Amino acid sequence: MDSQAFLAACRALLGEVHVIADEAGMAPYLRDQRGRFTGRALAVLRPANTEQVAATVRLCAQALVPIVPQGGNTGLVLGSVPDASGRAVVLSLARMQAIRQVDAVNRTITVDAGAILQHVQEAAAVQGCLFPLSLAAEGSCTIGGNLSTNAGGTAVLRYGNTRELCLGLEVVTAQGEIWNGLRGLRKDNTGYDLRDLFIGAEGTLGIITGAVLKLYPQPKACVTALAAVDSPAQALRLLSIMQDHCAASLTGFELMSAYCLQLVARHFPALQQPLAGSHRQYALLELSSSESAQHAAGLLERALGAALAEGVVQDAAVAASEAQSQGLWRLREHIPLAQAADGKNIKHDISLPVSSIADFIAATEPRLQAAFPGCQLVCFGHLGDGNLHFNVAPPPGVMNEDFLHSQEAVNRVVHDAVAAFGGSISAEHGIGALKRDELARYKSPVELSLMRAIKAALDPLGLMNPGKIL
Ligand code: FAD
């Protein structure tokens, strides 16, 4: 089947308007989130339901057309955009947004893969439940994308990554068959766990079309605080104190260096910074209580009191209202925006055993300074789950574009240190096309060959998001 016959068959299947093949119409689907790369495609296909996804995949298999699944296109590793060849189609799940069912007794919600994360949170809330996955892109990212990247976010400490929030999947295989694994079971030991293969596979094994997700009781109250500490080591000590005092009530624990908050102040001066004076590091803490606001406040007061008494915390501000709490989170969420406004930088999304984080930072920052004198570390992240965004900005006077030529050398310093400390080069964003060569460098030959065997077994024609991960 030639490409014109293929497109005609797609139009007959999906309808004229849902096969976009003109440059202007395709543009938003081809450009990556950070605007670093724009791919080319034969067309953008927008199926309306699982059966149409399956029929589209069968057409692609027949015509040997590669498929790039796409949700909200908010991914940060060039996973959701096609390469420059123009041979692939983008298969957008944007029309598949249904909330299929909420089972408040089983505490599950079943959704189409194209459902926007925020809509899923809202549908759960209407039933008095919490869907706890939360990230700054929640207004546009989709459940299919969240599952395919095993997204993390701000509540992993308490509720886990997206993988831990998923009970069942519906998947269209690379052959165009529909696997209905939409089981709302918390226990199911019936052979290989296919669900977990597709989660985190970044669209390289099949297309997720639906999911059963876990719900939790809505907390009665949340309390947020910002604490100033002297060093990452002190932030880790504070984390231990908080966990000892608050156990599962501690839902978030973020680290932000002083430089991160200076960047936010420079580019978003309207955002209020509640702590006076200059401190080296800041921890943003969130506690939730299933009892009451007084209970949450009491827990926080006792834990912060212990940390102050031990000299771990230098100063702290506790949000007195929902608006103040949102104000504190806005500081954290504006760090990537402030960084982007400040210029280009070389980003790393790494994870380490929590206990190694302070040693990792202490060992790696001087190595970066030795190799790139004057470079600026922009270090923040989900400290509670060992995830740092360890970004490196150019030294003063060095042009952004010139510094980006050092990306390979900067990556080597950071990722070699990550490997030496037993960490991972991708904590929550995935591999996509951006980190494929890094993956090949740091995974063992045994692990890589097992991954290739799985890929060959599930996608023998190699049409599912080729060039991503492997
Ligand atoms: P896309 O970007 O469309 O796709 C991501 C990958 O999944 C691609 O490989 C794509 O091919 C594949 N895919 C998409 N849908 C499907 C499907 N239905 N079936 C099979 N494969 C599919 N990520 C975090 O983990 N934590 C954060 O805190 C976080 N914060 C962010 C903040 C901002 C401001 C931005 C822009 C991004 C952030 N991200 C974060 C990254 C991004 O939002 C997540 O990776 C998100 O899960 C991607 O969802 P999406 O629907 O946009 O997927």
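Are there any pairs with C-beta distances below 8 angstrom linking a residue in the range 163-182 that is in a strand (DSSP E or B) to a residue that is among the acidic types (Asp, Glu) and open to solvent by 50 Å² or more (accessible area, probe 1.4 Å), with the two at least 6 apart or on different chains, and if so which?
Partner pairs satisfying both residue conditions: Ile178/Glu51.
Among the residues of the range 291-316, what is the count of those that are surrounded by fewer than 18 Cβ atoms within 10 Å (Cβ to Cβ) and in contact with a Leu (Cβ under 6 Å, 6 or more places away or on another chain)?
Within the range 291-316, residues that are surrounded by fewer than 18 Cβ atoms within 10 Å (Cβ to Cβ) and in contact with a Leu (Cβ under 6 Å, 6 or more places away or on another chain) number 1.
Could we say that Gly139 is over 10 Å from the mean Cα position of the chain (by Cα), farther than 20 Å from Ile207 by Cβ and either at pLDDT 95 or above or small (Gly, Ala, Ser) (or both) here?
For Gly139, the condition - over 10 Å from the mean Cα position of the chain (by Cα), farther than 20 Å from Ile207 by Cβ and either at pLDDT 95 or above or small (Gly, Ala, Ser) (or both) - is met.
Show me the strands (runs of 3 or more DSSP E) entirely contained within the range 36-141 in which 2 or more residues are buried (at least 23 other Cβ atoms within 10 Å of the Cβ).
43-45, 67-70, 89-92, 108-112
Residue by residue through the range 360-381, note down the ones that are more than 21 Å from His429 (Cβ to Cβ) and either assigned to a helix (DSSP H, G or I) or touching a strand residue (DSSP E or B) at 6+ places or on another chain (Cβ under 6 Å) (or both).
So in the range 360-381, the residues more than 21 Å from His429 (Cβ to Cβ) come out as 362-363, 365-367, 369-376.
Of everything in the range 360-381, those that are more than 21 Å from His429 (Cβ to Cβ) and either assigned to a helix (DSSP H, G or I) or touching a strand residue (DSSP E or B) at 6+ places or on another chain (Cβ under 6 Å) (or both) turn out to be Ala362, Ala363, Glu365, Pro366, Arg367, Gln369, Ala370, Ala371, Cys375, Gln376.
I need a count of the residues in the range 253-267 that are out of contact with any Cys (no Cβ under 9 Å at 6 or more places or on another chain) and not in a helix (DSSP H, G or I).
Of all residues in the range 253-267, those out of contact with any Cys (no Cβ under 9 Å at 6 or more places or on another chain) come to 253-254, 258, 261-267.
Those still in the list that are not in a helix (DSSP H, G or I) too: 253-254.
Going through the range 253-267 one residue at a time, the tally reaches 2.
Which of the following residues is more than 13 Å from the ligand (Cβ to nearest atom), crowded, with 17+ Cβ neighbours inside 10 Å and outside any helix (DSSP H, G or I): Thr154, Thr224, Thr190? Before you say what the answer is, go through the steps one by one.
Details: Thr154 fails: more than 13 Å from the ligand (Cβ to nearest atom); Thr190 fails: crowded, with 17+ Cβ neighbours inside 10 Å.
Exactly one of Thr154, Thr224, Thr190 is more than 13 Å from the ligand (Cβ to nearest atom), crowded, with 17+ Cβ neighbours inside 10 Å and outside any helix (DSSP H, G or I), namely Thr224.
For the range 268-290, what are the residues that are open to solvent by less than 60 Å² (accessible area, probe 1.4 Å) and either under 23 Å from Ile357 (Cα atoms) or assigned to a helix (DSSP H, G or I) (or both)?
His279, Gln281, Tyr282, Ala283, Leu284, Leu285, Glu286, Leu287
Mind checking which pairs have a first residue in the range 125-140 that is in contact (Cβ under 8 Å) with a residue 60 or more places away in the chain and a second that is part of a strand (DSSP E or B) and within 14 Å of the ligand (Cβ to nearest atom), Cβ under 7 Å, 6 or more apart or different chains?
Phe131/Leu213; Ser140/Ile116
Okay, residues lined up against (1) within 21 Å of the chain's Cα centre (by Cα); (2) modelled with pLDDT of 95 or more; (3) within 30 Å of Pro466 (Cβ to Cβ):
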site: Gly176; (1), (2), (3): no, yes, yes
site: Leu185; (1), (2), (3): no, yes, no
site: Gly200; (1), (2), (3): yes, yes, yes
site: Thr204; (1), (2), (3): yes, yes, yes
site: Leu213; (1), (2), (3): yes, yes, yes
site: Pro232; (1), (2), (3): no, yes, no
site: Asp244; (1), (2), (3): no, yes, no
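The values are calculated or read from the model by the stated rules, or taken from the named source; none is laboratory data. Everything quoted here is computed from the prediction, not taken from an experiment. Note that we place each Cβ from the backbone using ideal geometry, even for glycine, and neighbour counts take in every protein chain shown. Ligands, DNA and RNA are stripped out before the accessible areas are found, and what is left, the full protein with its side chains, is counted by its heavy atoms. Shrake-Rupley method; radii C 1.70, N 1.55, O 1.52, S 1.80 Å.
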